[in-house]
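As structure tokens, the structure follows; a few thoughts come after it.
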Amino acid sequence: MELAEKDNIEVFLLGGKLSRNTNIVTGSQVINELSDLHVDLCLLGTNSLSIEEGITDSDWEVVQIKRAMIKCSKNLAILSIAEKLNSNQKMRVAPLKEVSYLVTDLEPNDKHLKDFAKHIKVL
């Protein structure tokens, strides 16, 4: 809703099934709609991010949606709180090499981000 009030930003909403627990829209309709989009930057929240496994998650439908979001994007920014860094879930979404930026609640020069900064831009 905040972004919709900005004159210089276009906001697209995708149809599908809204999960009441996570507020994520899932289903094949979302993946089909994403396949028709080409975006400059994808802001993607994550359950886990590690140097070795990259982006991982534990929900099959969420993994499919995130993969489709990444596929239609030129650049990928991962949004993650510190507790989710250096952890892994059971399913891989994408390797770390597909990530352009990491946005987190830590300061960019924090020691916990040192290894990530070798591979991606930390903001």
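Suppose only helical runs count, i.e. DSSP H with n ≥ 4. What mean residue ellipticity at 222 nm does that imply for the chain under -39500 (n - 2.57) per run, divided by all residues and rounded to the nearest 500 deg cm²/dmol?
Dividing the helical sum by the residues of the chain leaves -5000 deg cm²/dmol.
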| field | the chain - percent relative contact order, Cα under 8 Å, separation 6 or more | value | 22
| task | With everything on Cα atoms, drop me the angle between helix 60-71 and the longest principal axis of the chain, reported from 0 to 90° to the nearest 10. | result | 90
| said: Give me, ordered by chain and number, the residues 5 or more places off Gly45 or on other chains with an amide H under 5 Å from its own placed amide H. | reply: Leu79
| request: Have a look at the DSSP beta bridges in segment 38-122 and tell me what percent are antiparallel, nearest 5. | output: 30
| When a footprinting reagent is the concern and you count Cβ atoms within 10 Å, what order do Cys42, Cys72 take, fewest first? | Cys72, Cys42
| Quick one: if you stick a label point 7 Å off each Cα along the C-beta vector at Ser58 and Ala82, how many nm between them? | 2.3
| request: Any of Lys6/Lys97; Lys66/Lys90; Lys71/Lys121; Lys6/Lys114 with alpha carbons more than 25 Å apart? Name them for me. | output: Lys6/Lys97; Lys6/Lys114
| query | Residue-wise, which Karplus ³J(HN,Hα) couplings in Hz belong to segment 85-92, taking 6.51 cos²θ - 1.76 cosθ + 1.60, θ = phi - 60°, and x for glycine or proline? | reply | 7, 6, 9, 9, 10, 7, 10, 7
| request: Collect residues whose amide H, placed 1.01 Å from N in the peptide plane, falls under 5 Å from the amide H of Ser73; neighbours closer than 5 in sequence don't count. | output: Val39
| How far is the Cα center of segment 11-26 from the Cα center of segment 38-113, in Å? | 19
| field | Over segment 38-122: Rg over Rh, Cα atoms, Kirkwood Rh | value | 0.94
| task | Set the Förster distance to 22 Å, then compute FRET efficiency between Val39 and Arg92 from the Cβ-Cβ distance, nearest 0.05. | result | 0.50
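Every number in this text was worked out from the coordinates using simple rules, so none of it is lab data. Bear in mind the structure is a predicted one, so any value in this text is a computation, not a measurement. Note: ideal-geometry Cβ built from the backbone for every residue, glycine included; neighbour counts use all protein chains shown.
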